[in-house]
Ligand code: MG
Ligand code: MG
C-alpha cells in the first residue's frame, strides 16, 4: 500500500533528511586513507544523536548492527562498518545513511573516492550521480515509477555501465521501506502512477562491469559477481505540486 504524506509530514521528513544530508557531508570531509569504517560509523551515530530526538534508521532494522552501510569498491550496498576495515588510497566508498525523527524516516547515500581514484572509478561515480539526477527529474505527478527506472537505465547503459536489478529504491515514511518499489530499470508509463504526496527513495546502484550480484557470507554485503566496481547515490524525494522536492539535502 502506498501511503501519501501531507505537506506537514513532508516538511517533517525534510527535517530528518537535513540531518542525513549534514551527516553525509561531514563524512565526505572525513574520508581519508587509514580511517576505519567503524570510525566513520561512530562519528555518524554521535552526530545524528546530537540532534534532539534523532536516531539512526538502520541500527536494528532487520537486525542490521550499525548506523551506516559502508560499501567499498566491488561492494554495492549493505557493507557492515568494522574496525578491521581500513580505507585505502584509491578506494571508492559508498556511504548510506538513514535518520528517524518525529516518527518519519529519510534515506540518502553518496559515493566518495579515498584520495585519488582511477579514471574509470571517477567516471562511474559521475554517471551514477547523473543517473540519480535523471531519476529525480521524472519524480513528477502524472509520471509513472517506470519513467524513473527508464531514465536511470538510459543514462547508465548509455555510458556502458550495468544497472543492478536485484536491489531497488522504495517508498519511505513512517516505515523505512514502503511501497512502491522503485527499480533502476523499467519502461515509460509502466508501474504505479506518481501522485502528489508520495515520498520515495531513488537510489541507482551502477556497476562498471556486469550487473549481477552476490551476497557475502556475512549475509549482508552485496557485491558485484564479477568483482567490478560499483557506485550508489540516493536521495529521498517527495512528489509535490511544484515538482520533485529532494528531502535529503544538508540545510
Ligand atoms: Mg539508503
Ligand atoms: Mg534506500
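Of all the residues in region 174-192, those that are touching a helix residue (DSSP H, G or I) at 6+ places or on another chain (Cβ under 8 Å), part of a loop (DSSP other than H, G, I, E, B) and within 14 Å of ligand 1 (Cβ to nearest atom) number 2. Suppose we filter 152, 127, 93, 99 for residues that are away from ligand 1 (no atom under 13 Å from the Cβ), in a strand (DSSP E or B) and either within 16 Å of the chain's Cα centre (by Cα) or closer than 30 Å to residue 189 by Cβ (or both); which single one remains? Matching residue, one of 152, 127, 93, 99: 93.
Has region 28-39 got any residue that is touching a helix residue (DSSP H, G or I) at 6+ places or on another chain (Cβ under 7 Å) and in a loop (DSSP other than H, G, I, E, B)? The answer is no; no qualifying residue exists. Residues that are part of a loop (DSSP other than H, G, I, E, B) and surrounded by fewer than 20 Cβ atoms within 10 Å (Cβ to Cβ) were ranked within region 155-167; the one that is nearest to ligand 1 (Cβ to nearest atom) is 167.
What residue, among those in region 197-215 that are more than 16 Å from residue 111 (Cβ to Cβ) and crowded, with 23+ Cβ neighbours inside 10 Å, is nearest to ligand 1 (Cβ to nearest atom)? In this case the residue turns out to be 200. Taken over region 102-124, the criterion of being more than 16 Å from ligand 1 (Cβ to nearest atom) and surrounded by 24 or more Cβ atoms within 10 Å (Cβ to Cβ) is satisfied by 124 alone. A single entry from 9, 39 fulfils the requirement of being surrounded by fewer than 21 Cβ atoms within 10 Å (Cβ to Cβ) and closer than 21 Å to residue 114 by Cβ: 39.
Considered as a group, the residues in region 73-90 that are away from ligand 1 (no atom under 11 Å from the Cβ) and under 14 Å from the mean Cα position of the chain (by Cα) include one that is surrounded by the fewest Cβ atoms within 10 Å (Cβ to Cβ), and that residue is 75. Among all residues of region 42-50, there is at least one that is assigned to a helix (DSSP H, G or I), more than 30 Å from residue 228 (Cα to Cα), modelled with pLDDT of 95 or more and out of contact with any strand residue (DSSP E or B) (no Cβ under 9 Å at 6 or more places or on another chain). Screening region 40-64 for residues that are free of Cβ contacts under 8 Å to residues at least 40 places away in the same chain and more than 14 Å from residue 19 (Cα to Cα) and picking the one that is farthest from ligand 2 (Cβ to nearest atom) gives 42.
Picking from residues in region 216-237 that are away from ligand 1 (no atom under 16 Å from the Cβ) and not in a loop (DSSP other than H, G, I, E, B), the one that is nearest to residue 124 (Cα to Cα) is 224. Return yes or no: is residue 67 farther than 30 Å from residue 8 by Cβ, crowded, with 21+ Cβ neighbours inside 10 Å, touching a helix residue (DSSP H, G or I) at 6+ places or on another chain (Cβ under 9 Å) and touching a residue at least 24 places away in the same chain (Cβ under 8 Å)? Here the answer is no, as residue 67 does not meet what is asked.
The values are calculated or read from the model by the stated rules, or taken from the named source; none is laboratory data. Source: prediction; values computed, not measured. When we count neighbours, we look across all protein chains shown, and the Cβ atoms used for this are built from the backbone with ideal geometry, even at glycine.
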